[in-house]
Amino acid sequence: MTRAGNLRTAIVAAAAGVAIASIQTPVFAQEAAPAAAASMSLAFFGAAIGLGMIVIGAALGIGRFASAAAEGIARQPGAADKITGAVNLPLFLLEGVAIIAEVGVLLIVLTK
């Protein structure tokens, strides 16, 4: 499958998840909630979408780095040590940014 096909599949899956989440909410309907609770659930929904985007973005970035490194090593096996060393730092930084963003989202959820 091509990258465009993978992206299309990811977008369709995300849209399906949002549709399912919005459909099942009335099923569990209870008495009318105060306005603060409604805005709180919207904040949780936004945090969940943001967390999903963080994870997908980090996975795509790490995947591109790893594929470029594998391609470079396949072209020049003698330079495998240099390529691996040059790729490790950006991978660690990308993963660190994703973890910091996830912690930020969780702090927003837990302080609401």
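For beta carbons closer than 8 Å, sequence separation of 6+ or different chains, a first residue in the range 100-111 that is surrounded by 15 or more Cβ atoms within 10 Å (Cβ to Cβ) and a second that is of a type in the set (Val, Ile, Thr), the qualifying pairs are Ala101/Ile54; Glu102/Ile54; Glu102/Val55; Val105/Ile54.
Listed here are the residues, each with its yes/no results for (1) in contact with a Cys (Cβ under 7 Å, 6 or more places away or on another chain); (2) modelled with pLDDT of 80 or more; (3) surrounded by 12 or more Cβ atoms within 10 Å (Cβ to Cβ).
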residue: Ala10; (1), (2), (3): no, no, yes
residue: Gly17; (1), (2), (3): no, no, yes
residue: Thr25; (1), (2), (3): no, no, no
residue: Ala43; (1), (2), (3): no, no, yes
residue: Ala59; (1), (2), (3): no, yes, yes
residue: Thr84; (1), (2), (3): no, yes, yes
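The values are calculated or read from the model by the stated rules, or taken from the named source; none is laboratory data. Owing to the predicted nature of the structure, the values given are computational and were not obtained by experimental measurement. All Cβ positions, even for glycine, are placed from backbone atoms using ideal geometry, and neighbour counts span all protein chains on display.
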